[in-house]
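J.: Can you keep this structure in mind? I'll have questions shortly.
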């Protein structure tokens, strides 16, 4: 049975956009400023969804709280300078967005990334005008996993929460969507570390590729997370 939806909402980093190359590059630049050997990309990739705090802690595990805050500020300066050098939609998402728009569905973003990075990134990729809803990490006092950002996105689209499906690659994404009364799907192509247990997050399904969504939408169960994921 076809599900009653009219909108897709996406987490940004690791779900809609592959931002890891640019976020890793900024971290390498920061580490070079302090004469530290760069961390390889694969050691950094699955930490990107957790933001600048997690990346700085990964690269400077011995930093105290004050120095960590200084490093975080500098990291964000570097990242903002080269915000969209290698960032792109994940494969298959351009076609999915086109198909949603052809159906008359709205699309939007709910992210913990601050608006001063979210908005220019979406603009640079030509996506901002296509988004019926954009809620960033500093739009409200609350952030995911709180449901308030999800409810604000629903108000922006004009549809009730239950008619949105939220996609994410972190446990807080699924928790926020569930708390808001939205069906949720895990983006298995995202930044999910081997130590995480997405099958315990309580999502309504998991997608190996964006196009798998349509089978789920038409009532089929979503594919199980692959062992290689």
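J.: Once you order the gyration tensor axes a ≥ b ≥ c over the Cα atoms, which shape class does the stretch 20-81 get: rounded for a/c under 1.5, otherwise prolate or oblate by comparing a/b with b/c?
T.: Note, shape of the stretch 20-81 comes out rounded.
J.: Per Stokes-Einstein, at 4 °C and 1.567 mPa s, what whole-number D in µm² s⁻¹ belongs to the chain, with the Kirkwood radius over Cα pairs as the hydrodynamic radius?
T.: So the translational diffusion coefficient is about 72 µm²/s.
J.: Once you wrap a convex hull around the alpha carbon atoms of the stretch 133-229, what is its projected area averaged over all directions, in nm²?
T.: If you wrap the Cα atoms of the stretch 133-229 in a convex hull and average its projections, you get 6.3 nm².
J.: Further, regarding this structure: With the contact rule set at Cα under 8 Å and sequence spacing of 6 or more, what percent relative contact order holds for the stretch 1-138?
T.: 32
J.: So how far, in whole Å, is the C-alpha centre of the stretch 158-208 from the one of the stretch 87-157?
T.: 15
J.: Ranked highest first by average number of other Cβ atoms within 10 Å, how do 103-110, 29-36 line up?
T.: Those peptides, ordered most packed to least, come out 103-110, 29-36.
J.: Could you calculate the contour length gain from residue 86 to residue 130, that is, 0.36 nm times the residue separation minus the distance between their Cα atoms, to one decimal place in nm?
T.: Stretched fully, the residue 86-residue 130 segment lengthens by 13.8 nm.
J.: Which FRET efficiency, nearest 0.05, do residue 77 and residue 195 yield, Cβ-Cβ r, R0 41 Å?
T.: Between residue 77 and residue 195 the formula returns 0.85.
Laboratory data are not the source of any read-out in this text; all were calculated from the coordinates shown. Quantities reported herein were computed from a predicted structural model and do not represent experimental measurements. A quick note on method: Cβ atoms are made from the backbone with ideal geometry, for glycine too, and the neighbour counts reach across all protein chains shown.
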